[in-house]
Amino acid sequence: MSRRRVGAIATFAVVTWWVAAMVPACLSPTLPVPPPNAPGELQEPLAQLQSDGRTIQISGTDAQPGSLVHLWNEETQNGDIVRADSIGRYQTVLAVDLSCAIPRNHVALWQMTIDGVTSGIKTYRLPNMFGAALPPENDVRCTDAGLIDGGEVEVGTSPATDADDIDDAGGDGAGGMGGGP
């Protein structure tokens, strides 16, 4: 075989190999970029009752960096929104309404990333640390001892839980949705 023929065969082989390698790459579809992961639910933060007995300092470390952390106290109907720092820490002071009958408040926590993706909502009973302030005690020194949901309960009785009792209190027996019999 002549040199020219060997060179032509080698060039043909390289070009054929290159085309065979590139054609499937051009024909394959572009893979979609997966959506951003939803941020995880926030774990229970440290929540220490302050010395005034009316506020708690809440500190957490598991938010996504830069996300907005939302806190909502269900008893006082107030809340706060704080931005997590670059490693996911957040801290705020939130008002609470504590009494002997309600020694903790229900605080809902969730976060929203800078992309607008929201985590699930978790509710915790806070405070979980009392520090220098003492929690309300359920004894004779407590002025609201014995109250359950704003009403007194006589010894030997329990609060109403029957659907008929709720109906008598003005409900419709259908969970507020109407359409009862």
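Just so it is clear, none of the values below were taken in a lab; they were calculated from the coordinates. Note that the structure is a prediction, hence the values are computed from the model and not measured. Cβ: placed from backbone, ideal geometry, glycine included. Neighbour counts: every protein chain shown.
Need the full-extension length gain, Ala101 to Val19, defined as separation in residues times 0.36 nm minus the C-alpha distance. One decimal, nm.
Stretched fully, the Ala101-Val19 segment lengthens by 21.6 nm.
Taking the simple approach of a point 7 Å from Cα along Cα-to-Cβ for both Ser59 and Gln43, what is their distance in nm?
1.6 nm
Put +1 on the Cβ of each Lys and Arg and -1 on the Cβ of each Asp and Glu in region 46-126; which of Asn73, Cys100, Gln111 then has its Cα farthest toward the positive end of the dipole?
Among Asn73, Cys100, Gln111, the one farthest towards the positive end of the dipole of region 46-126 is Cys100.
Across region 108-123, in residue order, what do the Karplus-derived ³J(HN,Hα) couplings come to in whole Hz, using 6.51 cos²θ - 1.76 cosθ + 1.60 with θ = phi - 60° and x for Gly and Pro?
Per-residue couplings from phi come out as 8, 10, 7, 10, 10, 6, 5, 8, x, 7, 9, 7, x, 9, 10, 10 Hz.
Check which residues have an amide H placed less than 5 Å from Ser67's amide H, if you skip close sequence neighbours.
Amide H to amide H, under 5 Å and 5 or more residues apart or across chains, Ser67 pairs with Ala84.
Under 12 Å from the Cβ of Arg125, count the other residues' Cβ atoms, weight Lys and Arg +1, Asp and Glu -1, and hand me the total.
Net local charge, Arg125 excluded: -1.
For a bin width of 10 Å, list the pair-distance distribution of region 46-126 built from all Cα-Cα distances, rounded to whole %.
Distribution as computed: 19, 52, 24, 5, 0 percent.
Between Val96 and residues 5 or more places away or on another chain, which pairs have amide H atoms under 5 Å apart, with H built 1.01 Å from N, and which residues are they?
Thr55, Ile56
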